[in-house]
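Q: Here you go, one structure.
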Amino acid sequence: MTAEPVDSQVYRRLLERTSELALRVRLGPPRVVEYLSPAFAELLGLPLADCYAELATLEARVLPEDAARLALPRAGGDAAEVAAEGEPFTLRFLDSAGRPRSTAARQWLVEDEGGLALELLARPSEMFGQGLGERDFAQRLCDTAHAIVLVLDPEGRIVFFNPFMRELSGYELDEVRGRDWFKTFIVEDERPRISALFEQAIDDLEIVANVNAIRTKSGGAREIEWYGKTLHDSQGKIVGLLSVGWDVTDRRALEGELARAQHLASIGTLASTFAHEVGNPLNGMYLQVQMLERRLGRIHEDEPLLLRVEAIKSEILRLNALLEEFRSLNRPQALSLRAMELRGVLEGVLARQVRPLAPEGVRVESEIAPGLPPVLGNADKLEQVFLNLCKNAIEAMPEGGTLVVRARAGGKEGRVLVDIVDTGTGIPDELDVFEPFCTTKVEGTGLGLPLVREIMRAHGGKISYASEIGRGTCFTVELQASG
């Protein structure tokens, strides 16, 4: 039996993600294990590295009466003899606990540029049908791999994809077979780059670890890491591209979170040092200004000078408040949480601080649903969160508008949602408002919302937002209900 050379990287990655018991042995000499599925090694109770290192280690697990079948090529059997022996058979071996196990198996010889190799495919719970061959081996890998297997023709049209791609994308193969891959699955901004990469691959350049997003039928997106290799016919003509892809969406999200955490840690270290170096002189300045204010008051100095001293005090206090925000970013938010009524917190913030703060032209409304369950929270910190969000909303409406504070039971059981909605200028898409020092305000510090997010995390809650330029923004706070 003759086969096209198999790209080792793609082949190994497919085996790593199949639930089949798959094995490929290069007959040599010397005889070595080229590929072994982790599922096979796990069932045998052997470290994967040991299986690769020593074929005898693996063979020792096979019961003696079946070992001869695996040893046939070593004993001098040729391809025809193996094919004759290659009908479905029962392979018996000892599992990781030393118990006898049996599996339906099939083996055959393949010949490529590296010489002869023995391939074996097995499934513990199923006997294979008649006529299983090398093509069936590849089909089994495609069907069971937790990875995308995709074949495109030289024009980039979809020829084939496996069940994993069907589940991930939401498309049946028959829905999209023959369609342009790039127009169907690649987002418009990425099409030129991915099309150029495809043209290079069709010119026989292998694709290694390229990452791009694909669109799903539901409108979502998944980040895929691709490995690809051209397919040739018997005359060596390129007839398409075989690509194997791994869904790395969750991994990249975690990497992003880790990078943000590291960035925050570095900012926190800087903040702590800065606060210490600046805080002490500021405290000294404040004491001196207080002494000056008292002396000027005793000698009945003129009012304008006292007003200037008061302005200096105010600025020092503002700088101290900013330093406290710096410190808070680097300080774990260990809060004492208790069951509390959210209505009282919201109405208090609106009555005491938000409505008096709102300038003429800004209307403040509240829509607090009756019968809200108590939430687990810290009243002081939640007041800080809602006041910060309401102040931001008011400042986003310099020409006037409407601020709505809405509280409601969450879609998920045991959650309470609070929306802070404005009709202001909106937030640009490219701006991450939860990033420290990132702000849309001319005089803003960019520390308020990062601190709000840390407070919400300490509550076991979440904060998110949706915004549209020129139409406004909605921040949503999600809290855990008590009990």
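Rule-based calculations on the coordinates, nothing more; no lab input. Quick caveat, the model's predicted, so the values are computed rather than measured. Reconstructed Cβ throughout: ideal geometry from the backbone, glycine too, with neighbour counts over all protein chains shown.
Q: At a 10 Å Cβ-Cβ cut-off, how would you order Leu337, Leu150, fewest neighbours first? If you can, show how the numbers build up before the last one.
A: Working: Leu337 15, Leu150 23.
Arranged by neighbour count, lowest to highest, Leu337, Leu150 become Leu337, Leu150.
Q: Can you give me the long-range amide H partners of Arg415? Hydrogens built in the peptide plane at 1.01 Å from N, cutoff under 5 Å, separation of 5 or more residues or another chain.
A: Long-range HN contacts for Arg415: Gly410, Ala481.
Q: By count of other Cβ within 10 Å, fewest leading, how are Glu188, Glu113, Glu435 ordered? Present the calculation step by step, with values, prior to reporting the outcome.
A: Working: Glu188 9, Glu113 6, Glu435 15.
With the fewest neighbours first, Glu188, Glu113, Glu435 line up as Glu113, Glu188, Glu435.
Q: Shifting gears a bit: Step through the residues of region 285-290 one at a time and calculate ³J(HN,Hα) from phi using the Karplus curve (6.51 cos²θ - 1.76 cosθ + 1.60, θ = phi - 60°), rounding each to whole Hz and writing x for Gly and Pro.
A: 4, 5, 4, 5, 5, 4
Q: If amide hydrogens are placed 1.01 Å from N in the peptide plane, which non-local residues have theirs closer than 5 Å to the one on Val239?
A: It is Leu231, His232, Asp233, by chain and number.
Q: Taking the Cα centre of region 148-247 as the origin and placing charges on Cβ (Lys, Arg +1; Asp, Glu -1), which of Leu197, Val159, Asn210 is farthest toward the positive end of the dipole?
A: Working it through, the farthest residue towards the positive pole turns out to be Val159.
Q: Now a separate question. Name the trypsin sites (Lys or Arg not before Pro) in region 170-255 that are in a loop by DSSP and that have at most 15 other C-beta atoms within 10 Å, would you? Could you put the intermediate results ahead of the total?
A: Values: sites: Arg177, Arg179, Lys183, Arg193, Arg215, Lys217, Arg222, Lys229, Lys237, Arg251, Arg252; in loops: Arg177, Arg179, Lys217, Lys237.
Passing both the DSSP loop test and the Cβ count: Arg177, Arg179, Lys217, Lys237.
Q: Which whole-Hz couplings ³J(HN,Hα) result when phi for each residue of region 381-397 is put into the Karplus expression 6.51 cos²θ - 1.76 cosθ + 1.60, θ = phi - 60°, listed in order with x for Gly and Pro?
A: 5, 5, 4, 4, 4, 5, 5, 4, 5, 5, 4, 4, 5, 5, 5, 7, 10
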